[in-house]
Each structure stands twice: as structure tokens, then as C-alpha cells.
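Q: My questions will all concern the structure given below.
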Amino acid sequence: MNDGVCRVQINRPEALNALNTELIRAIADTLETCDRNGEIRCMILTGIDQAFAAGADIHEMQSLSPSDFLHSHFFKDWERIRRIKKPVIAQVSGFVLGGGCELAMICDCIIASETAVFGQPEIRLGVIPGAGGTQRLTRALGKSKAMEMILTGRTITAQEAEATGLISRVVPADQLEEETRSLAKVIAAHAPLAVQLAKQSVLNAAEVGFAEGLLLEQNSFYLLFSTNDQDEGFEAFLEKRKPQFHGN
Ligand code: CAA
């Protein structure tokens, strides 16, 4: 890692990367460590060829009661991932199901191999998505498509996911890693504080009201005019050279 990009791989092949408590905690711990590391400017979260993740772990959840979920604050580590400040790109192939689809949607962009299959199949288990699927899928696809997928458990292909706006891009399987890394490198080369505030402003579009979102965007814009990187970005443009950003 000397380009500001860090790649984190989920690797539990025997269970198609099913996300048990230990695994999701390890993902949150790792992403938070990367978030604090000044040399890392963009993260890639990926899985294995067969699966980004086939869901939350059904074996682990099977015998839990509502009070078990409440007492353990079951989704706390998912929340930690949501609060990561630097951009996280989900690089996905194979099964992206249930909690796996929800985890990908918590990330900031999704780049998929043409082998990827997306869905929220929880209804087939007699439950519903619990890590944000009903909210994020609806915002990504609109009510009708999200409703159909969530009520039927139907999966969609990577091509369909791209056409509907769930993902940024679908690429051939053998180009997935390279394409994702080039995207991450472009982001990592930009001014880190601008990237952080841009990410937060885009997330605000779904998380706060419109007027508040506009105000927060404007204030972030003004705030960036106190940074050295803004001086550098503007000067470099006027001097017709490439900017060197230092994150301050
Ligand atoms: N949890 C735990 N284990 C899982 C799993 C999951 N979500 N998905 C797959 N596995 C395990 C299987 O139990 C199996 O293990 P064993 O070999 O020990 O039996 C192994 O991974 C391989 O799976 P399959 O043999 O089923 O593989 P397949 O290729 O025939 O089918 C699949 C693949 C279609 C993804 C199928 O495994 C499947 O339907 N998985 C469950 C998908 C699902 O329902 N996800 C939602 C979970 S609930 C959730 O995520 C709640 C939430 O919102 C937070």
C-alpha cells in the first residue's frame, strides 16, 4: 500500500462469507483502524470469488430471541461501519445476499463482477432485512423494485443492478480488481478533507432533510476554504500543474 489505498478481504469461504458477530466485528475493527491511519485515503472491502457475503449467519441467529438481539445491540458493528469517514468501495462478486447486500450498500460505491447476484432473501426465512436493507435498497432502486425484491426474495444480476442504480459499475470478472483499484486510486489522490466532507454530504442526502442537507453542504464548502489543500488545488489549477494534497 503506497498509493493510499487499502484492501480488506472478507475470507470465510466455508460459509460463503456469512457474516457472524465475530466476522462483522473484525471488519469494523479493521476499517476503523484504516480510517485512523493517515496514510490510507480510500478503502476497498472485498470478498471471495464465490461471495461478497451470503448474508448474516443463519446458524448463529437461529436460536436468538428478541431480547438477545436487544441486549447484545446486535447491529452495533454494522453501525460502526456506517460511521467510517473515509470512502469505502465494495468490490463484489458471487453472492451478495441479505446482510451481504446490506453491507455492500453501507459502503460508498459498489463495483461488481458480472458474476455478482444481489438480493434480500430474508423473506424466505420468515423474517425481513435487519441491517438497513429495506431503507437503503428503497433509496437505491425506488419503492416498487425494492418492494418486489424484498417481498419475493428475488435476486437480480449485476447487469440489472447497474441498470437500476444499485451499483456504480459492472465489469468482467478478470478486470474487477484492477478496475476497483484504479477507482480507489483516483479518489485517494484527491484532497482528503474534501473527500471526507463530500462523502458526508452525499450521505446526508439520504439521512437528513433537503434544506438541512443543502445547508450542511454549503457549510462544508465554506469550511474547505480554510484548508491548505484548497490553496494548493486552486494554485495548481492556475499554474497548470498537478496538485499535491497533504490532508490539511
Ligand atoms: N449463514 C450461514 N451459513 C451460510 C449462509 C448464511 N447466510 N449462506 C451459506 N451458508 C453456508 C451453508 O450453510 C453451507 O454450509 P455447509 O456446507 O456447512 O452446509 C455453505 O455456506 C455453502 O452453502 P450452500 O451449500 O447452500 O451453497 P449453494 O451454492 O448451494 O447455495 C446460496 C448458495 C444460494 C447463497 C445459499 O447458501 C443460501 O441461500 N444462503 C442463504 C442466503 C440468505 O438467506 N441470506 C440472508 C441471511 S439473513 C440476513 O442476512 C439477515 C439480515 O438482514 C442481517
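The values are calculated or read from the model by the stated rules, or taken from the named source; none is laboratory data. Nothing here was measured: the structure is a model prediction, and the numbers come from that model. Neighbour counts run over all protein chains shown; Cβ positions are idealised from the backbone, glycine included. When the accessible area is computed, the model is the full protein with side chains, heavy atoms only, and any ligands, DNA or RNA have been set aside. Shrake-Rupley method; radii C 1.70, N 1.55, O 1.52, S 1.80 Å.
Q: Part of a helix (DSSP H, G or I), touching a Cys at 6+ places or on another chain (Cβ under 7 Å) and under 29 Å from Gly233 (Cα atoms), is that true of Ala184?
A: Numbers: part of a helix (DSSP H, G or I): yes; touching a Cys at 6+ places or on another chain (Cβ under 7 Å): yes; under 29 Å from Gly233 (Cα atoms): yes.
Yes; evaluated as a whole, the condition is true for this residue.
Q: While we're looking at this one, here's another question. Can you give me the number of residues within the stretch 67-81 that are among the hydrophobic types (A, V, I, L, M, F, W, C) and either outside any helix (DSSP H, G or I) or under 12 Å from the mean Cα position of the chain (by Cα) (or both)?
A: As a first pass, look at the stretch 67-81 and keep what is among the hydrophobic types (A, V, I, L, M, F, W, C): 69-70, 74-75, 78, 81.
Right, trim to either outside any helix (DSSP H, G or I) or under 12 Å from the mean Cα position of the chain (by Cα) (or both) and you get 74-75, 78, 81.
Total meeting the criteria: 4.
Q: Okay, moving on. How about the stretch 47-66: which of its residues are in a loop (DSSP other than H, G, I, E, B) and either within 13 Å of the ligand (Cβ to nearest atom) or modelled with pLDDT of 95 or more (or both)? Lay out the reasoning, then the answer.
A: First, pick out the residues of the stretch 47-66 that are in a loop (DSSP other than H, G, I, E, B): 47-50, 54-55, 57, 62-65.
Gly47, Ile48, Asp49, Gln50, Ala54, Gly55, Asp57, Gln62, Leu64, Ser65 - these are the residues of the stretch 47-66 that are in a loop (DSSP other than H, G, I, E, B) and either within 13 Å of the ligand (Cβ to nearest atom) or modelled with pLDDT of 95 or more (or both).
Q: If you don't mind, there's one more thing I want to ask. Picking from Ala131, Ala161, which residue would you name as being under 18 Å from the mean Cα position of the chain (by Cα), within 12 Å of the ligand (Cβ to nearest atom) and in contact (Cβ under 8 Å) with a residue 40 or more places away in the chain? Please lay out each step first, then the result.
A: Values: Ala161 fails: within 12 Å of the ligand (Cβ to nearest atom).
Result: Ala131 is the single residue among Ala131, Ala161 that is under 18 Å from the mean Cα position of the chain (by Cα), within 12 Å of the ligand (Cβ to nearest atom) and in contact (Cβ under 8 Å) with a residue 40 or more places away in the chain.
Q: Continuing with the same structure: Consider Val127 against the criteria (1) part of a helix (DSSP H, G or I); (2) over 30 Å from Gly38 (Cα atoms): it satisfies all of them except one. Which criterion is unmet?
A: Unmet condition: (1).
Q: Which of the residues spanning the stretch 227-240 are open to solvent by less than 90 Å² (accessible area, probe 1.4 Å) and assigned to a loop (DSSP other than H, G, I, E, B)?
A: Thr227
Conditions tested, residue by residue: (1) under 16 Å from the mean Cα position of the chain (by Cα); (2) open to solvent by 10 Å² or more (accessible area, probe 1.4 Å).
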site	(1), (2)
Glu14	no, yes
Leu19	yes, no
Arg41	yes, yes
Arg83	yes, yes
Val96	yes, no
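Q: Can you find a residue in the stretch 35-46 that is within 24 Å of Ala112 (Cα to Cα), assigned to a helix (DSSP H, G or I) and touching a helix residue (DSSP H, G or I) at 6+ places or on another chain (Cβ under 8 Å)? Give the derivation first.
A: Residues of the stretch 35-46 within 24 Å of Ala112 (Cα to Cα): 35, 40-46.
Restricting the remaining residues to those that are assigned to a helix (DSSP H, G or I) gives 35.
If we keep only those that are touching a helix residue (DSSP H, G or I) at 6+ places or on another chain (Cβ under 8 Å) too, we end up with none.
No: zero hits.
Q: Evaluate the stretch 205-225: report whether one residue or more is within 22 Å of the chain's Cα centre (by Cα) and touching a residue at least 40 places away in the same chain (Cβ under 8 Å).
A: Checked against the condition, which is being within 22 Å of the chain's Cα centre (by Cα) and touching a residue at least 40 places away in the same chain (Cβ under 8 Å), the stretch 205-225 yields at least one hit.
Q: Does Leu166 meet the test of being farther than 30 Å from Thr227 by Cβ and among the aliphatic types (A, V, I, L, M)?
A: So Leu166 passes the test.
Q: Let me ask something additional. Can you tell me which residue within the stretch 137-153, out of those that are open to solvent by 50 Å² or more (accessible area, probe 1.4 Å) and among the hydrophobic types (A, V, I, L, M, F, W, C), is nearest to Ile106 (Cα to Cα)?
A: So, considering only residues that are open to solvent by 50 Å² or more (accessible area, probe 1.4 Å) and among the hydrophobic types (A, V, I, L, M, F, W, C), the one nearest to Ile106 (Cα to Cα) is Met147.
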